[in-house]
Amino acid sequence: MMRKRSGVLVVIVTMAFLVVGQSSASGHGAAIRLAATVVTAGDSLALTGEGLGESADITLVLESASFETVLAAVRGDDHGRFATVVRIPPEAPPGAYRVVATAGDDTATADLVVTRATADEKELSDPGQQTLDGARADALELDRRRLPGEAGLAWGVALLLVVLGLWLSRKRE
Amino acid sequence: MQIEDQAIGRKTTRLTDRLALHGLDYAIPTVATRLPYFLGAMTLTAIVILAATGAYLAQFYQPSPFGAHASVVYIIEVAPFGDLARNLHWWAANAVVASILLHLTWVFYRGSYRVPRELTWWVGVGMLGCLFLLFFTGTTLPNDQEGFEALAHNLAAAEWMGPLGVVLTHAFTRSTPLLARLYALHISVLPLALFALLGVHLYLIRYLGIHTHPGEERHGATFRKHLQRMTAYGLWLVAGLIVVSLVWPRELGYPAVAGAEVTKPPLPFLWLVALENQWGITALALSMPVIFLMLAALPLVDRRAVDSRRGMRWRAGGALLAWTVLIALTLIAALVPQQQHLGM
């Protein structure tokens, strides 16, 4: 009986942490949402946001390590809410981006991947009739920046496994 | 102190009983403690890494012709540990191919495919087939130029096969893209088949025991000791794969341009290009089935119950010849300029 009660308690506490985590994820209320997380350069993208000042001018910027452009400037409502559709510039190189919405001191960001237009459905089902222009055999230049400590952690795990293996191989049965 | 030792001893016994570890204490031949006998275990370790990293990558991958490439960019650039997981997946796949081919060579050299281990051999050949198909389907998934060309070759070979290959063509269904169907094969059908065969393979090895030649000690070691060394090698393999993944990350090509043929396949399939350059798509469609049929026929051709030194020498020569041809074809394919094969 006691075990059952403590089990229920653990579930309740866990749920409470989850709820708190959910609400703190959007900071003090400033947030933007994208209709898609992956978009082709040149295509349109719907955005909504909230908590960005009161009737403030909001600037929407698309940025990466090598490219930055202002997508739009919009006016938020009394609660800092806005909804707009922007066009991703066709010249934006493929890769990972951030969409940054700024209104005074309030800032909200969202991750976005921009990709180059790929073959369409017809090309995919009938590869024999298409142009060969633009095909490249080399590798795409990618931003392989890892999370802080990611590489260090991986090296550490590798070292630990080597040591564990040595211990095991020398251990008597 | 003595009481404490007794208590620890009792706990160890309880744990050993609960985990049925006594079952691992059975005797195995002394020869099985040599390095070549760990090649199968190395393959298994790499398969486990593939399953773990594959499950993680599946959280971010989008199996559609329009979203696949972008989602791989996302995996590399944005997903936490995504780049590392993808690199590990790639290098583990290469490790599987290398270790299983070496394992196959060793089993062939030792003549362990003969009576009564024919079924163990056939199941192993089936697993080799599954692993090659897993490697191939995995190559197509990023939908970059290399992946798209692999898909186009798949289509050409499937069409060459006629009704037998229709399931691997666009004509089979218009409701789901071929890429999505290959993804389904990659993450469900082939792994299920692989693990079912693996279960049978391991059971047969346990039941029939390790093959020994006359004069070799049959009960000189225990499986538990073997497992201990196997785990050590497995840990080193994982460590090595992590290091290789950090130093040489797997590249991603540009989004596919349909109709072009400008890339060469990854190393395990490179030898096929040399054949395809010479004999076209027929060589591509036939070479793998012919090789697998030859492997499957081996226990039926060599039915001698007793082995001899001469037989081992012949097999060593055969294995050497096969590896020489494979390496020569791979080198030729790597060095000659890229050719158009599909008449696009």
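Listing for the model above:
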| read-out | value |
| --- | --- |
| Per residue convex hull volume, Cα atoms of region B:117-232, in Å³ | 159 |
| Compactness index (Cα Rg / 2.2 N^0.38 Å), region A:34-116 | 1.04 |
| Reduced Cα scattering model of the protein assembly as shown, Debye log10 I(q)/I(0), q = 0.09, 0.13 Å⁻¹ | -0.83, -1.34 |
| Nitroxide proxy distance, nm - points 7 Å out along Cα→Cβ at B:Ser287 and B:Ser64 | 3.6 |
| B:Leu102-A:Ser55 FRET efficiency (beta carbon distance; Förster radius 51 Å; 0.05 resolution) | 0.15 |
| Phi to ³J(HN,Hα) by Karplus 6.51 cos²θ - 1.76 cosθ + 1.60 over region B:136-141, Hz, x for Gly, Pro | 5, 5, x, 4, 6, 5 |
| Relative contact order (%) - region A:34-116, alpha-carbon pairs under 8 angstrom, separation at least six | 38 |
| Cα-projected label distance for B:Glu118 with B:Leu202, points at 7 Å along beta-carbon direction, nm | 2.7 |
| Alpha carbon convex hull of region B:129-176, projected area averaged over orientations, nm² | 3.6 |
| Distant-in-sequence amide H partners of B:Gly253 (H built 1.01 Å from N, under 5 Å) | A:Leu140, B:Gln145, B:Glu146 |
| Positive-end residue of B:Gly124, B:Leu329, B:Ala274, charge dipole of region B:31-335 with Cβ unit charges | B:Gly124 |
| Cβ-placed point charges (K, R +1; D, E -1), dipole of region B:31-335 about Cα centre in debye, nearest 20 | 1420 |
| Net charge of Cβ neighbours under 12 Å - reference B:Gln338; Lys, Arg +1; Asp, Glu -1 | -3 |
| Neighbour-count order for B:Thr173, B:Thr105, A:Thr40, fewest beta carbons within 10 angstrom listed first | B:Thr173, B:Thr105, A:Thr40 |
| FRET efficiency for A:Leu160 and B:Phe195, using Cβ-Cβ distance with R0 set to 22 Å, rounded to 0.05 | 0.20 |
| Förster radius 25 Å - calculated FRET efficiency between B:Val301 and B:Glu216, Cβ distance, rounded to 0.05 | 0.50 |
| Rel. contact order, % - alpha carbon contacts under 8 angstrom, at least six apart, chain B | 28 |
| Over region B:31-335, equivalent-ellipsoid semi-axes from the Cα gyration tensor in Å | 35, 24, 18 |
| Long-range amide H partners of A:Ala72 with built H, under 5 Å | A:Leu60 |
| Contact order relative to length of region B:97-256, as percent, for alpha carbon pairs under 8 angstrom and 6 or more apart | 32 |
| Label-point separation, B:Arg309 to A:Ala72 (7 Å along Cα→Cβ), nm | 8.5 |
| Base-10 log of normalised Debye intensity for region B:305-344 (one unit scatterer per alpha-carbon) at q = 0.23 Å⁻¹ | -0.79 |
| Ellipticity estimate at 222 nm from DSSP helix runs (n ≥ 4, -39,500 (n - 2.57)) divided over the protein assembly as shown, nearest 500 | -18000 deg cm²/dmol |
| Summed residue charge, Cβ within 12 Å of A:Ala103's Cβ, Lys/Arg positive, Asp/Glu negative | -4 |
| Solution diffusion estimate, µm²/s, Stokes-Einstein, region B:1-133, Kirkwood Rh from C-alpha pairs, 4 °C, viscosity 1.567 mPa s | 69 |
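Every number in this text was worked out from the coordinates using simple rules, so none of it is lab data. As the structure is a computational prediction, the values presented were derived from the model and not from experiment. Using ideal geometry, Cβ is built from the backbone for each residue, glycine included, and neighbour counts are taken over all protein chains shown.
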